[in-house]
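Report on one structure; see the data block that follows.
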Amino acid sequence: MIDKLIKLSIARRWLVMFFVLVVGALGIWNYQKLPIDAVPDITNVQVQINTGAPGYSPLEVEQRITYLVELAITGLPYVESTRSLSRYALSQVTVVFEKGTDIYFARNLINERLQQAKSDMPSGIEPVMGPVATGLGEIFHYAVHADENALQPNGEKYDATALRTLQDWVIRPQLRLVSGVTEINTIGGFEKEFHITPDPSRLLMYDLSFDDLVEAIEKNNANVGAGYIEKNGEQYLIRAPGQVADIAAIQQVIVAHKDGIPITIADVADVGFGKQLRTGAATRDGEETVLGTAVMLLGGNSRSVSEAVSAKLVEINKTLPKGITAEPVYNRTVLVDKTIATVQKNLLEGAVLVVVVLLVMLGNVRAALLTAMVIPLSMLMLMTGMVQTKVSANLMSLGALDFGLIVDGAVIIVENCILRLAGRQHHLGRILNLDERFQTVFSATREVFTPSLISVLVVILVNLPILALTGVEGKMFTPMAMAVIIALLSALVLSLTFVPAAVALLLSGHIEEKDNMIVRQSKRAYTPILAWVLKFRLGVLTGAILFIIAVGALTTKMGTEFIPNLDEGDIAIQALRIPGTSLTQSLDMQFKLERAVLEIPEVKTYFSRVGTAEVASDPMGPNISDGYVMLKNRADWPNPDKSKAQLLDELQQKLALIPGNAFEISQPIQLRFNELISGVRSDLGIKIYGDDLDQLLTSGTEIAAVLNGIEGAEGVKVEQVSGLPILSVEANRPALYRYGLNVADVQDVLAAATGGEEAGLVFEGDRRFTIVVRVAEKIRNDLRALERLPIPLPQGGYVPLNEVATLTLAPGPNQISRENGKRRLVVSANVRGRDLGGFVADVQAQIEQQVTLPPGYWLEYGGTFEQLQSATERLSLLVPVTLVMIFALLMMTFGSAKDAALVFSGVPLALTGGVIALWLRDIPLSITAGVGFITLCGVSVLTGVMMVSAFRDRLKQGDDINTSIQQGAILRLRPILMVALVAALGFLPMALNTSTGAEVQRPLATVVIGGIISSTLLTLLVLPGLYLMAYRKPKSMTENDEDQLAS
Amino acid sequence: MNLNDDIKKPIIKAIFYFTLCFTSTVALAENDSGVEEEHDEGHIELTQEQIKHAGISLSQVGSGNIRETLPVYGVIKSNAEQVQSVSARFEGVIRSVNKKIGDHVRKGEMLVTVEANQSLKTYSVLSTLNGVITQRNANIGEQTTNKALFVVEDFSTVWVDLSLFPKDVSKVKLGQSVRIKSANNPTPGEGSIFYIAPLGNSNNQSTIARVLLNNADNLWKPGFFINAEIILSETAASTVIQSEAVQLVEGQTIIFVQGEEGFEPRAITLGRTDGESSEVLSGLNAGETYVTKNSFVLKSEMGKEDAEHGH
């Protein structure tokens, strides 16, 4: 079949060229469509159900909302797990669906059930599903900013409320329409509210209550449509407007009529613009700001979406009032563009180097160019393949591409074609006719096709274990393995069709096959060395083995990391304060941080989100802030050569100046990822399920104590569930009896006074603002005043709050976590210096012995150890299988276990070079380095097969073993050197580049370059000796032969 | 061949281990959990610069006055002792009326002249106090009968009736001074309790404490509601701290004291407080330096190791 394909390609070369053109065009077209992001998306199929419950404490949120939502979604199909979080004013239930579930189907299911649940919830509480987005969805942040002298129409300066109003009613509605945007999330500023702040003593004067005020507004703030009348043939619509429009109108609303005198709102309360009770705020450079975030629809193309948002924002800015700007502060495109530019630059420079190598080595411009063509063509085919298989394109999947291996197949084919064509020409002493040419091209291709096929298959095989990874690791690395496989298959197909066709087409005239200077010199140098190593083959071999052992020992000393950190260019700082920190205090501390950090000259701007945004995709307490430090362009730095590490050092010094904060420094995307995978990222997570929060905490602490006593446990942590200061106002029932009050009477007054009660809306054109009745801040924040809050009595008069209720200050639950419908507490631990399986078994045994849980409480063991175990199991099965398959493949090729083993033996030595290169450059082992090793396996098998098959051919022709080896080795010197140089030089730009994204590719390139050197040395120096040892007939190997060899 | 096998085996093994090695980097890849910073429980060391940035201010424990107060609501009433209802001593016909409602009268000033029915003599009815006419039921030609012709009230002092609820009754004593505030009077009034009602009001379970309030400006209008603060005690205490210094940590009341090694959280027992300053009963000595403003920052610094962002 392969023969036929090659023959067909040569015969129908123009057709092949046309197809290649079409495929190339298709690739370009697909490239436009390919969603490119910086990193792979690791989010699972999940739906968040957020329910805002203003004023509710965690316990009430759990009881009255979370539980109902959970109940509603129990029993949905395809649900993998549910977990929930009940915090102040927010219930968040996350439903994780099985892999592959259609997100819209899942949302439909949930929506249906939520409708039912809603009827059981307190009125006014509305569960909503989070945006259809992934963790990587936040692609664009902008801050709404007012100039110093920008004035509102009413002559006042723009404050946080005015900016928020602009954001809510001008900017956001427009941005929301940008295609690919699913949500514009807002944090910061204050939603404009009309506040009626009654003075409790003045209410007493007129014997009025909060409810009277609310009722008064409700009765005096409605428009009514009253049908129509007909008059003189015309139809008149009737409407009775009655809405209040402004503060003055609210003030004039009548609350009561006493002794013939109307009492208006102005008599008992102040009316003004007030501030909502926020759960979050935004800061920038030490000031409050309003921050908008564009969230990309699931499956969107982050680059095009953020470009569209950016363009729209420019348009919107033109329509904003003078002095107001919505300034982009974070744009994912910048990073993506930078990384793509890096990849492109690497590829381009690499390709140029490859062409140069080919030119020098082949001495034929056409041949060099047509070989180099394979790189862009297979890349374009890869684009098509990725779009078709929905493999995401990112720095990991594209950056790990290794075009050295891609062109290797083509290189050896072209090299052999030239060799054979020239040989034939030389032989016939004339230029070949068409048939002869085709015949030669075919046989030359066929001759070396096996090694290139084998090497591709080997690489694919080695990639298989990666495809078997699941979970986060799987999501990270499967695209990469897929991309490598697709690219190699494309290259393979090209070298079967395009390369022979192009060679047949282009290498028509006189082919000069002569070794140039370099090759000649190499051959001249190689011959004596070869003789020497053949003579001292045992010593060389022992040396090689010792070397491998030494390097193997070296690997155990090297650091490891998951993946090299992509340097996103910007820095994310998560500042944490103790739970219970108020938003105002947290903001104050954040301002100080930002001012301190801004003193660093490299920092352009520093903006943060404190607490939870409007759409609570990331429910943080007000004690936590996510900050983004955006850096200036390097060119604008005082010292453009300053390293990132040095900058981070300075940053840390600045941060340390502000006490009271704990920090986690990372990068914007990284931060979001860590949040996504947090909670289950510890090696071992012991989940305790039960009813009573205190009991859970007690048991959790006990378990933590046991864990701490077990060898290898590190970083044992009990989930922080308490510590939120709570003021409980508990009604004193006997006192209530005396006064004839209900508990609700007390609660309602308290809720209205401190939480506020909505009394309607004020419409300003399209905009609408809430009217809230709430006591003044001064009284709300004064405990002693609250104690005296008058509660109206049914028989008239009042009684102060502390007569009928007890006020106690005590820490309460900070958040209540539930999982799969039950309250849950997690104790987590990491393991160091011990095998995980043994540790977990030990933990289980010890806990069983030492900890007794009350009835109705149970434990569950989870954490990454599960994933690790399953991954280890899978790998320990797959890796040997893969090795066996590679071996089988080689055996099939050679029909000899001996030859297969000989080729196979090249792999370890090839890897040593990679390890040493990493070690020299001080780069830790990582997955990307691992991909480099995979590539090396392929290269080393390729060269090994080439070498061994050359020996075999000679042997078959009847040459004796020594001659076969010598001749074969010299014959293969050029292709082997070419393959090595192509791969090594092609990767050189990647190994040396320092721009954004380069750090992810650097380990790969380093490994390959180092490994190629050792692999080439091995193939040229060790393999011949090994082959000799394997095939030497004791008789023929005489002293004479040895002497002959040496001479 | 033996040699071959001998070579092959270790090589294959090496390959195997090596491949395991790099694939295990896949498996072992895990987030390094940040190294937990050891923190000396108890002491918080801050540099001068950090103190400056945190806006921490210090103060010395000293003696001071604690003014314990009780906020209450009340209503202004006329001073019942300074109300005069003027009627005619002898019935007769009113011949002249000199004053109208709102007129100020002096003690001894003539209000009306009445011609007695029996003696037909005309006599004057005089005011017996300085005050204001608040009621007038006298017009020329009318019979005086038994009615009150005038009511003269002296507003130079008024009564403030404060509502006391059961919990507060025991705290309030005669003679305690009271500060009175009202929306319509910018300057608060001061007075002292001279009467506590022996009876309670069954409706709202309250009783009344009465204050005599100077009303020279006549800004305290009877009938108005007022806010008042009863000063329960004003005593000198030897160890007094500012209330903003106090933080609650794990149910304990603590303040941060400056020691040699930094700031040290100190559990204290609080005594009386007036909102701004509090008396310390135990745990603190006079002369020690403690953190007043931004003491929360220290609490946060102390607990920050445990701060986390759970999901």
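Data for the structure
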{"read-out": "Distance violations [Cα-Cα > 29 Å] among A:LYS592/A:LYS644; A:LYS275/A:LYS632; A:LYS535/A:LYS956; A:LYS632/B:LYS293; A:LYS644/A:LYS717", "value": "A:LYS275/A:LYS632; A:LYS632/B:LYS293; A:LYS644/A:LYS717"}
{"read-out": "Ascending count of other beta-carbon atoms within 10 Å, so fewest first, for A:VAL61, A:VAL979, B:VAL86", "value": "B:VAL86, A:VAL61, A:VAL979"}
{"read-out": "Computed label-point distance, nm, for sites A:ALA656 and A:LYS956 using a 7 Å Cα→Cβ extension", "value": "7.0 nm"}
{"read-out": "Mean ellipticity per residue at 222 nm, deg cm²/dmol - from DSSP H runs of n ≥ 4 across chain A, formula -39500 (n - 2.57)", "value": "-17500 deg cm²/dmol"}
{"read-out": "Relative contact order [Cα under 8 Å, 6+ residues apart], region B:57-187, whole percent", "value": "29 percent"}
{"read-out": "Alpha-carbon spread of region B:153-280, three principal axes, descending order, Å", "value": "69, 35, 24"}
{"read-out": "Residue order, fewest to most surrounding Cβ atoms within 10 angstrom, among B:ASP217, B:ASP168", "value": "B:ASP217, B:ASP168"}
{"read-out": "Signed unit charges on C-beta, dipole axis of region B:174-262, positive-most listed residue B:ASN214, B:GLN252, B:ASN227", "value": "B:ASN214"}
{"read-out": "Of the GluC sites (Glu not before Pro) in region A:552-661, those whose Cβ has at most 11 other Cβ within 10 Å and which sit in DSSP loop", "value": "A:GLU599"}
{"read-out": "Mean-position separation - Cα centroids, region A:356-408 and region A:891-942, in angstrom", "value": "21 Å"}
{"read-out": "Base-10 log of normalised Debye intensity for chain A (one unit scatterer per alpha-carbon) at q = 0.05, 0.07, 0.08 Å⁻¹", "value": "-0.44, -0.77, -0.93"}
{"read-out": "Efficiency of FRET from Cβ geometry, A:GLU148 and A:GLN388, R₀ 45 Å, rounded to 0.05", "value": "0.25"}
{"read-out": "Loop trypsin sites (Lys or Arg not before Pro), region A:617-660, which have at most 15 other Cβ atoms in a 10 Å radius of their Cβ (DSSP)", "value": "A:LYS632, A:LYS642"}
{"read-out": "Residue mean of other protein chain beta carbons inside 10 Å, A:576-582", "value": "6"}
{"read-out": "Separation of alpha-carbon centers, region B:231-296 and region A:808-858, rounded to whole Å", "value": "38 Å"}
{"read-out": "Set of lysines with alpha-carbon distance to A:LYS33 below 27 Å, sequence-local pairs under 8 removed", "value": "A:LYS99, A:LYS312, A:LYS338, A:LYS345, A:LYS390, A:LYS475"}
{"read-out": "Positive minus negative residues near A:THR283 (Lys, Arg vs Asp, Glu; Cβ under 9 Å)", "value": "-2"}
{"read-out": "Estimated dipole of the protein assembly as shown in Debye, rounded to 20 [Cβ of Lys and Arg +1, of Asp and Glu -1, Cα centre]", "value": "4020 debye"}
{"read-out": "Net charge, B:VAL83 excluded, C-beta distance under 9 Å - Lys, Arg +1, Asp, Glu -1", "value": "-3"}
{"read-out": "Nearby aspartates and glutamates by direct alpha-carbon distance to A:LYS318 (threshold 13 angstrom, same-chain neighbours under 8 apart not counted)", "value": "A:GLU327"}
{"read-out": "Loop sites in region A:326-422: trypsin sites (Lys or Arg not before Pro), DSSP, at most 14 other Cβ within 10 Å", "value": "A:LYS390"}
{"read-out": "Cβ-Cβ FRET estimate between A:ARG738 and A:GLN116, R0 fixed at 51 Å, reported to 0.05", "value": "0.75"}
{"read-out": "Relative contact order of region A:879-978, defined on C-alpha pairs under 8 angstrom at six or more residues apart (%)", "value": "23 percent"}
{"read-out": "Where labels lie 7 Å past Cα in the beta-carbon direction, separation of B:SER177 and B:ASN203 in nm", "value": "3.4 nm"}
{"read-out": "Inter-site label distance for A:LYS275 and A:ASP102 at 7 Å from Cα along Cβ, in nm", "value": "4.8 nm"}
{"read-out": "Under 17 Å from the Cα of A:LYS118 - aspartates and glutamates, other chains or at least 8 residues apart", "value": "A:GLU60, A:GLU62, A:GLU70, A:GLU126"}
{"read-out": "Rg(Cα)/(2.2 N^0.38 Å) for region A:693-837, N = residue count", "value": "1.60"}
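We did not get these values from a lab; they are worked out from the coordinates using the rules stated. These numbers come from a predicted model, not from an experiment. Note that we place each Cβ from the backbone using ideal geometry, even for glycine, and neighbour counts take in every protein chain shown.
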